[in-house]
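Peer 1: Before we start, here is the structure in question, set down as C-alpha coordinates.
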Amino acid sequence: MSYLFLLLFSLLNPPVQVVLDPGHGGSNLGARSHDKSVYEKDLTLDLAKRISTHLDSLGITYRLTRSSDRYLTLLNRSTMAKGWKPNCFVSLHFNASQLHNRQGVEIFYPEESHAPALEEITKLAGTGRDLMAQKGSVRPLIVGSYLNTLGKSISSSGSRVFAKKLAWRLLADGFKVRSIKKGDYDVLVGTGTKAILFEGGFIDNPRESITMLREATRDRMAASLARGLAILCRSSNQLY
Ligand SMILES: [Zn+2]
(Lines give C-alpha, C1' and ligand atoms only; values in the text may rest on other atoms or scores of the structure.)
Protein backbone atom coordinates (compact mmCIF):
# COMPACT_ATOMS: atom_id res chain seq x y z
CA MET A 1 0.00 0.00 0.00
CA SER A 2 2.68 2.47 1.04
CA TYR A 3 4.79 1.41 -1.98
CA LEU A 4 1.88 2.24 -4.27
CA PHE A 5 1.43 5.56 -2.52
CA LEU A 6 5.13 6.41 -2.99
CA LEU A 7 4.98 5.38 -6.63
CA LEU A 8 1.92 7.55 -7.21
CA PHE A 9 3.51 10.45 -5.33
CA SER A 10 6.71 10.28 -7.39
CA LEU A 11 4.72 10.06 -10.63
CA LEU A 12 2.69 13.13 -9.67
CA ASN A 13 5.73 15.03 -8.33
CA PRO A 14 8.72 14.17 -10.49
CA PRO A 15 12.01 15.69 -9.26
CA VAL A 16 12.75 19.10 -10.76
CA GLN A 17 15.73 18.97 -13.09
CA VAL A 18 15.96 22.61 -14.20
CA VAL A 19 14.89 25.91 -12.62
CA LEU A 20 14.58 28.79 -15.07
CA ASP A 21 14.64 32.26 -13.54
CA PRO A 22 13.40 34.99 -15.90
CA GLY A 23 15.31 38.06 -14.66
CA HIS A 24 13.58 41.29 -13.54
CA GLY A 25 9.77 41.61 -13.69
CA GLY A 26 7.05 43.98 -12.46
CA SER A 27 8.50 47.36 -11.53
CA ASN A 28 12.01 46.03 -12.19
CA LEU A 29 12.21 46.62 -15.94
CA GLY A 30 15.85 45.75 -16.68
CA ALA A 31 17.58 47.01 -19.84
CA ARG A 32 15.69 48.59 -22.75
CA SER A 33 16.00 47.62 -26.40
CA HIS A 34 17.79 50.01 -28.76
CA ASP A 35 14.51 51.06 -30.40
CA LYS A 36 13.00 51.51 -26.91
CA SER A 37 10.11 49.17 -27.77
CA VAL A 38 10.86 46.31 -25.35
CA TYR A 39 12.16 45.85 -21.81
CA GLU A 40 14.49 43.09 -20.70
CA LYS A 41 11.88 41.75 -18.20
CA ASP A 42 9.57 40.81 -21.12
CA LEU A 43 12.33 39.22 -23.20
CA THR A 44 13.57 37.08 -20.28
CA LEU A 45 10.05 35.76 -19.64
CA ASP A 46 9.56 35.10 -23.34
CA LEU A 47 12.86 33.20 -23.53
CA ALA A 48 12.00 31.16 -20.41
CA LYS A 49 8.67 30.11 -21.90
CA ARG A 50 10.30 29.14 -25.18
CA ILE A 51 12.95 27.08 -23.34
CA SER A 52 10.11 25.42 -21.35
CA THR A 53 8.39 24.31 -24.55
CA HIS A 54 11.61 22.73 -25.80
CA LEU A 55 12.31 21.10 -22.41
CA ASP A 56 8.79 19.61 -22.51
CA SER A 57 9.52 17.96 -25.81
CA LEU A 58 12.86 16.64 -24.47
CA GLY A 59 11.17 15.15 -21.37
CA ILE A 60 13.03 17.38 -18.90
CA THR A 61 11.22 18.57 -15.76
CA TYR A 62 11.48 22.25 -14.85
CA ARG A 63 10.04 25.09 -12.79
CA LEU A 64 9.97 28.84 -13.45
CA THR A 65 10.54 31.34 -10.63
CA ARG A 66 7.94 33.54 -12.35
CA SER A 67 5.59 32.88 -15.23
CA SER A 68 4.01 36.35 -15.35
CA ASP A 69 5.12 39.96 -15.15
CA ARG A 70 5.70 40.23 -11.42
CA TYR A 71 8.38 41.53 -9.11
CA LEU A 72 10.55 39.08 -7.16
CA THR A 73 13.56 39.81 -4.96
CA LEU A 74 16.80 37.93 -5.63
CA LEU A 75 16.32 36.11 -2.33
CA ASN A 76 12.76 35.08 -3.34
CA ARG A 77 14.23 33.51 -6.47
CA SER A 78 17.12 31.59 -4.89
CA THR A 79 14.99 30.44 -1.92
CA MET A 80 12.27 29.18 -4.26
CA ALA A 81 14.85 27.33 -6.34
CA LYS A 82 16.50 25.74 -3.31
CA GLY A 83 13.13 24.40 -2.13
CA TRP A 84 12.63 22.60 -5.45
CA LYS A 85 16.06 20.86 -5.14
CA PRO A 86 16.82 21.10 -8.87
CA ASN A 87 19.85 19.70 -10.68
CA CYS A 88 20.64 23.16 -12.05
CA PHE A 89 19.55 26.81 -11.97
CA VAL A 90 19.66 29.32 -14.84
CA SER A 91 18.90 33.00 -14.33
CA LEU A 92 17.99 34.53 -17.71
CA HIS A 93 18.91 38.09 -18.70
CA PHE A 94 19.69 40.31 -21.67
CA ASN A 95 22.60 42.72 -21.64
CA ALA A 96 23.38 46.40 -22.18
CA SER A 97 26.66 48.33 -22.17
CA GLN A 98 27.67 51.97 -21.77
CA LEU A 99 28.89 52.45 -25.33
CA HIS A 100 26.07 50.34 -26.85
CA ASN A 101 28.62 48.55 -29.01
CA ARG A 102 29.05 45.13 -27.40
CA GLN A 103 27.76 41.87 -28.84
CA GLY A 104 27.39 38.24 -27.85
CA VAL A 105 26.23 35.97 -25.08
CA GLU A 106 27.83 36.17 -21.65
CA ILE A 107 27.60 33.43 -19.01
CA PHE A 108 28.48 34.04 -15.36
CA TYR A 109 29.11 31.45 -12.68
CA PRO A 110 29.46 32.14 -8.92
CA GLU A 111 32.77 33.05 -7.30
CA GLU A 112 34.76 30.08 -6.11
CA SER A 113 34.54 29.81 -2.33
CA HIS A 114 37.31 27.56 -1.10
CA ALA A 115 36.68 24.93 1.50
CA PRO A 116 38.72 25.47 4.67
CA ALA A 117 42.17 23.83 4.79
CA LEU A 118 42.68 20.76 6.95
CA GLU A 119 44.26 22.76 9.79
CA GLU A 120 41.29 25.07 9.76
CA ILE A 121 38.84 22.17 9.95
CA THR A 122 40.78 20.70 12.88
CA LYS A 123 40.80 24.10 14.54
CA LEU A 124 37.07 24.54 13.95
CA ALA A 125 36.36 21.08 15.31
CA GLY A 126 38.58 21.76 18.35
CA THR A 127 36.95 25.14 18.93
CA GLY A 128 33.58 23.52 18.55
CA ARG A 129 34.45 20.90 21.20
CA ASP A 130 35.74 23.53 23.61
CA LEU A 131 32.77 25.74 23.07
CA MET A 132 30.41 22.80 23.34
CA ALA A 133 31.63 22.27 26.88
CA GLN A 134 30.50 25.80 27.65
CA LYS A 135 27.59 26.37 25.31
CA GLY A 136 25.78 23.44 23.72
CA SER A 137 24.31 25.41 20.82
CA VAL A 138 27.54 26.82 19.35
CA ARG A 139 29.06 23.67 17.86
CA PRO A 140 26.24 22.93 15.41
CA LEU A 141 26.60 26.53 14.20
CA ILE A 142 30.30 26.08 13.47
CA VAL A 143 29.83 22.71 11.80
CA GLY A 144 26.88 24.14 9.84
CA SER A 145 28.98 27.07 8.66
CA TYR A 146 31.76 24.71 7.52
CA LEU A 147 29.33 22.49 5.63
CA ASN A 148 27.77 25.57 4.06
CA THR A 149 31.20 26.74 2.84
CA LEU A 150 32.00 23.28 1.52
CA GLY A 151 28.60 23.15 -0.23
CA LYS A 152 29.29 26.46 -1.96
CA SER A 153 32.66 25.21 -3.12
CA ILE A 154 31.11 22.11 -4.66
CA SER A 155 28.34 24.02 -6.42
CA SER A 156 30.81 26.64 -7.62
CA SER A 157 33.10 24.19 -9.43
CA GLY A 158 30.02 22.44 -10.85
CA SER A 159 28.70 25.81 -12.03
CA ARG A 160 31.95 26.65 -13.87
CA VAL A 161 31.88 23.40 -15.83
CA PHE A 162 28.15 23.83 -16.44
CA ALA A 163 28.73 27.36 -17.85
CA LYS A 164 31.53 26.17 -20.16
CA LYS A 165 29.63 23.18 -21.50
CA LEU A 166 26.51 25.24 -22.15
CA ALA A 167 28.66 27.81 -24.00
CA TRP A 168 29.99 25.04 -26.26
CA ARG A 169 26.41 24.06 -27.12
CA LEU A 170 25.60 27.68 -28.07
CA LEU A 171 28.78 28.05 -30.11
CA ALA A 172 28.02 24.81 -31.93
CA ASP A 173 24.56 26.18 -32.74
CA GLY A 174 26.04 29.34 -34.28
CA PHE A 175 25.73 31.86 -31.42
CA LYS A 176 28.52 34.28 -30.62
CA VAL A 177 29.76 33.75 -27.05
CA ARG A 178 31.53 36.84 -25.77
CA SER A 179 32.65 35.54 -22.38
CA ILE A 180 32.27 33.00 -19.61
CA LYS A 181 33.35 34.51 -16.31
CA LYS A 182 33.01 34.60 -12.55
CA GLY A 183 30.19 36.82 -11.38
CA ASP A 184 29.37 37.70 -7.83
CA TYR A 185 25.60 37.69 -8.31
CA ASP A 186 23.41 37.27 -5.24
CA VAL A 187 20.80 35.24 -7.13
CA LEU A 188 23.42 32.52 -7.78
CA VAL A 189 24.23 32.07 -4.10
CA GLY A 190 21.98 29.86 -2.00
CA THR A 191 20.25 27.90 -4.76
CA GLY A 192 21.95 24.76 -3.44
CA THR A 193 22.81 23.58 -6.92
CA LYS A 194 25.02 24.44 -9.90
CA ALA A 195 23.89 27.87 -11.01
CA ILE A 196 24.62 30.30 -13.84
CA LEU A 197 23.46 33.72 -14.99
CA PHE A 198 22.89 33.77 -18.74
CA GLU A 199 22.96 37.07 -20.69
CA GLY A 200 21.42 36.38 -24.10
CA GLY A 201 22.97 39.28 -26.04
CA PHE A 202 23.15 43.09 -25.91
CA ILE A 203 19.73 44.56 -26.64
CA ASP A 204 21.05 48.13 -26.57
CA ASN A 205 23.36 47.37 -29.52
CA PRO A 206 21.56 48.56 -32.69
CA ARG A 207 22.48 45.42 -34.67
CA GLU A 208 22.15 42.79 -31.98
CA SER A 209 18.90 44.35 -30.80
CA ILE A 210 17.32 43.80 -34.23
CA THR A 211 18.45 40.16 -34.17
CA MET A 212 17.28 39.46 -30.62
CA LEU A 213 13.91 41.12 -31.11
CA ARG A 214 13.13 38.54 -33.80
CA GLU A 215 11.04 35.70 -32.38
CA ALA A 216 12.85 33.22 -34.63
CA THR A 217 16.25 34.10 -33.09
CA ARG A 218 14.94 33.75 -29.54
CA ASP A 219 13.36 30.44 -30.41
CA ARG A 220 16.61 29.18 -31.91
CA MET A 221 18.46 30.29 -28.77
CA ALA A 222 15.82 28.61 -26.57
CA ALA A 223 16.17 25.36 -28.52
CA SER A 224 19.96 25.45 -28.18
CA LEU A 225 19.79 26.14 -24.42
CA ALA A 226 17.20 23.39 -23.91
CA ARG A 227 19.38 20.87 -25.76
CA GLY A 228 22.33 21.81 -23.54
CA LEU A 229 20.26 21.71 -20.35
CA ALA A 230 18.78 18.35 -21.28
CA ILE A 231 22.29 16.87 -21.25
CA LEU A 232 23.83 18.86 -18.41
CA CYS A 233 20.92 18.83 -15.93
CA ARG A 234 19.52 15.34 -16.40
CA SER A 235 21.17 14.12 -13.22
CA SER A 236 22.34 15.95 -10.11
CA ASN A 237 25.87 14.62 -9.81
CA GLN A 238 26.98 14.52 -13.43
CA LEU A 239 29.46 17.39 -13.11
CA TYR A 240 30.73 16.98 -9.55
ZN1 LIG B 1 19.21 41.75 -16.26
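The values are calculated or read from the model by the stated rules, or taken from the named source; none is laboratory data. Since we're looking at a predicted model, the values are computed, not measured. As a convention, Cβ positions derive from the backbone with ideal geometry for all residues, glycine included, and neighbour counts pool all protein chains shown.
Peer 1: How about the range 188-209: which of its residues are in a loop (DSSP other than H, G, I, E, B), within 19 Å of L99 (Cβ to Cβ) and touching a Phe, Trp or Tyr at 6+ places or on another chain (Cβ under 6 Å)? Break it down into steps so the answer makes sense when it comes.
Peer 2: We begin by selecting, within the range 188-209, every residue in a loop (DSSP other than H, G, I, E, B); these are 189-193, 203-205.
Now narrow it down to the ones that are within 19 Å of L99 (Cβ to Cβ): 203-205.
Answer for the range 188-209, where residues must be in a loop (DSSP other than H, G, I, E, B), within 19 Å of L99 (Cβ to Cβ) and touching a Phe, Trp or Tyr at 6+ places or on another chain (Cβ under 6 Å): just I203.
Peer 1: Okay, next question. Looking at the range 39-68, which of the residues that are within 16 Å of the ligand (Cβ to nearest atom) and assigned to a loop (DSSP other than H, G, I, E, B) is nearest to the chain's Cα centre (by Cα)?
Peer 2: Step by step, filter the range 39-68, then rank; the result is T65.
Peer 1: Among the residues of the range 38-84, count how many are hydrophobic (A, V, I, L, M, F, W, C) and farther than 29 Å from S209 by Cβ.
Peer 2: Total satisfying the criteria: 6.
Peer 1: So, in the range 27-38, exactly how many residues are in contact (Cβ under 8 Å) with a residue 12 or more places away in the chain and more than 10 Å from the ligand (Cβ to nearest atom)?
Peer 2: Here the count works out to 7.
Peer 1: Additional query: So which residues in the range 190-232 are within 15 Å of D21 (Cα to Cα) and at pLDDT 95 or above, if there are any at all? Explain how you work it out, then say what you get.
Peer 2: Restricting attention to the range 190-232, the residues satisfying the condition of being within 15 Å of D21 (Cα to Cα) are 190-200, 222, 225-226, 229.
Correct list: A195, I196, L197, F198, E199, G200, A222, L225, A226, L229.
Peer 1: Do we find that R218 is part of a strand (DSSP E or B) and not small (G, A, S) in this structure?
Peer 2: No, not satisfied.
Peer 1: For the subset of the range 161-187 comprising residues that are modelled with pLDDT of 95 or more and in a loop (DSSP other than H, G, I, E, B), which member is surrounded by the most Cβ atoms within 10 Å (Cβ to Cβ)?
Peer 2: F175
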